[in-house]
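Trainee: Let me begin by handing over the structure; questions about it come next.
The values are calculated or read from the model by the stated rules, or taken from the named source; none is laboratory data. Here the structure is a predicted model, which is why all the values come from computation and not from measurement. Note that we place each Cβ from the backbone using ideal geometry, even for glycine, and neighbour counts take in every protein chain shown.
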Amino acid sequence: MGNVQIPIEVSSHQRIPSLESSESFFGKNFTVQHIPALINHLKNETSVNYNMLNSFLSRNFLRLINGEYFLEFPLEAVKYILSLDLCVETEYSIFQAILNWIQHDQCRIVHLQELLKCIRWCYTFKTCYLHIKENEFMIKNLPDELDALSCEPNECRNSCFNSRIKEKHLISLYFLAENKIGMSLYTGDNFWSYCASFDEDDQIPIGVISEEHVVDVIFDSGRTGVRFDLVQKKYRFLDMSGSPSAYYNQLHDCFKPKFDRESSYRAYIQDGVKKIEDWVDLQKNTLIEYKGEMHIICYTQKEQKLYVFLPVEHVHWYNSPFAEHRIHACIVNDVCYIITKSLSFRVFDMLKKTIEKSKPFADMHLSFDDLQMDQHKSNIILLIKSLKKIMMFDTRKKVWTLMGQIHFENKMIALTSTYMPVQFIKKMYAKS
Ligand SMILES: [Zn+2]
């Protein structure tokens, strides 16, 4: 079924109209403000809507917990969400959600222990466990109780069920014909396994809510997006920014991100890092989503200095269109990697606030527009589109190496790391 657009009306009393059909009520006016009422309405159902709601919460968990609406959710809704098979890279994100919610209202501290049970301790790595235990808020409020509250696989005291830590898949996208995109999956050792082909269809709904088999693949430093329907085998390019129905604008309206001026950081990142307190006129160049928050890397209009804005602090950045493409960038483990138009490579550590500059591509005769940068398994990958060569920057060893080359004739669109629902990839394999 399609993404049916029946606008819902949920008043401040969170009333939900009765639903006779199994059709979705995630309509145009849907925002995450409606989530608690939807949970109440659907939790005892096994309907398409119920699956869609859970899939939405799972995929958008980080966006949700960084938004203002989440902070107002009632305890029951928070518990419901934290118990789902969420799409997270680490259980620390669950802890982060608990902290955000509890710290929003002092009275909620009484629910801390109860909510901590939603963390799947059996699948929490030792480093993550220590990170939680040593958190300032925890030391202050629960100094000794964590060991008794948490559990391990051979002695599970909570409902840990299964690991919800998801792995990203590296995929390649390329044109098979003018209106046909091919998708292959990287299976290791420079081997790409063909998954499926998709036909262009501009009728695919572009709402924030979509079914589990509809996925958005965002690349080109957040500047390009393609929505794939993995069942219908169709795709459409997404309008990313600058109109009410554009991708980032919809994300903003749906999640209402919290603009936290105290934790925002603005700085020039030229030869060193220089923090800026005043407002500066900027050309938005790249809007990068990292851990559910948007970060901006851009140029100042007057001095043309490279500038970072972490995380985004003004709604304005969601609304205005992108300026000319001048940087490739991505963020991995709190470090932002940037390739400028003059092909200088910069590594900006967002925690230590340091910058390293190098020229690893000198003498390689590369052109900025021919490159596409992304990340995979904590490393940076750089596609040289015309040569179909893939370079990799090992972020631990800090060296660039040639990762491989793709051997087919088609015009490359992107290499990108994405949470593709595995069950659909398997199905696509089986059919191809
Ligand atoms: Zn357990």
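Here's the yes/no breakdown for (1) buried (at least 16 other Cβ atoms within 10 Å of the Cβ); (2) farther than 26 Å from Leu287 by Cβ; (3) over 23 Å from the mean Cα position of the chain (by Cα):
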| site | (1), (2), (3) |
| --- | --- |
| Leu366 | yes, no, yes |
| Gln375 | yes, no, no |
| Ser378 | no, no, no |
| Ile381 | yes, no, no |
| Ile384 | yes, no, yes |
| Ile406 | yes, yes, yes |
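Trainee: For residues that are at pLDDT 95 or above and hydrophobic (A, V, I, L, M, F, W, C), tally how many sit in the range 220-239.
Mentor: The qualifying residues number 4.
Trainee: Within the range 260-288, which residues are surrounded by 14 or more Cβ atoms within 10 Å (Cβ to Cβ) and assigned to a loop (DSSP other than H, G, I, E, B)?
Mentor: Once the filter is applied, which keeps residues that are surrounded by 14 or more Cβ atoms within 10 Å (Cβ to Cβ) and assigned to a loop (DSSP other than H, G, I, E, B), the range 260-288 yields Ser264, Gln270, Ile276, Val280.
Trainee: Give the residues of the range 133-188 that are within 16 Å of the ligand (Cβ to nearest atom) and on the phi > 0 side of the Ramachandran plot, sorted by residue number.
Mentor: Phe161
Trainee: Exactly one condition in (1) surrounded by fewer than 16 Cβ atoms within 10 Å (Cβ to Cβ); (2) within 11 Å of the ligand (Cβ to nearest atom); (3) touching a residue at least 12 places away in the same chain (Cβ under 8 Å) is not met by Ile119; state its number.
Mentor: So the condition that Ile119 fails would be (1).
Trainee: Let me ask you something else. Any residue at all in the range 328-347 that's over 29 Å from Glu409 (Cα atoms) and among the charged types (D, E, K, R)?
Mentor: Yes; the residues of the range 328-347 include at least one that is over 29 Å from Glu409 (Cα atoms) and among the charged types (D, E, K, R).
Trainee: Looking only at strands (runs of 3 or more DSSP E) that fall completely inside the range 333-432, which ones have 2 or more residues that are among the hydroxyl-bearing types (Ser, Thr, Tyr) and in the same structural domain as Met183 (by TED's automatic domain parsing)?
Mentor: 335-340, 354-358, 411-418
Trainee: Something else about it: Looking for whichever is at pLDDT 95 or above and buried (at least 18 other Cβ atoms within 10 Å of the Cβ) here; the options are Val399, Val335. Which one fits?
Mentor: Val335
Trainee: Considering only residues that are in a loop (DSSP other than H, G, I, E, B) and at pLDDT 90 or above, look in the range 289-310 and name the one that is surrounded by the most Cβ atoms within 10 Å (Cβ to Cβ).
Mentor: Gly292
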